[in-house]
Amino acid sequence: LSDAQRALNVWRAFEAKAEAQGKVILLVDDVLTTGATGNAAAHALYEAGATRVELLTLARARKNAV
């Protein structure tokens, strides 16, 4: 998928619980490709009232890797 298609694929796919209110949250993802998953998850957390969201990834996919 293109970067835009990946973003649309996960947009509104996540819903955070009210327990996120006022919290600083660390998201952990195994591989960062376009950042769409992290962005969508962070958006849901901010909507639920999180004060800060950080993303930690263990690896990054290379663009145009074969």
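So here's what we get for this one:
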{"item": "Rel. contact order, % - alpha carbon contacts under 8 angstrom, at least six apart, the chain", "result": "41"}
{"item": "Label-point separation in nm, Asn39 to Gln5, each point 7 Å along Cα→Cβ", "result": "1.6"}
{"item": "Carbon plus sulfur fraction of accessible area for the chain, probe 1.4 Å, in percent", "result": "52"}
{"item": "Accessible solvent surface per residue of the chain, calculated while the other protein chains remain in place, 1.4 angstrom probe, Å²", "result": "77"}
{"item": "Simple spin-label estimate for Ala59 and Ala18 in nanometres, 7 Å along Cα-Cβ", "result": "4.1"}
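The values are calculated or read from the model by the stated rules, or taken from the named source; none is laboratory data. These numbers come from a predicted model, not from an experiment. Cβ sites come from the backbone with ideal geometry, for glycine too, and all protein chains shown count toward neighbours. SASA here: full protein model, heavy atoms, side chains in, ligands and nucleic acids out. Shrake-Rupley method; radii C 1.70, N 1.55, O 1.52, S 1.80 Å.
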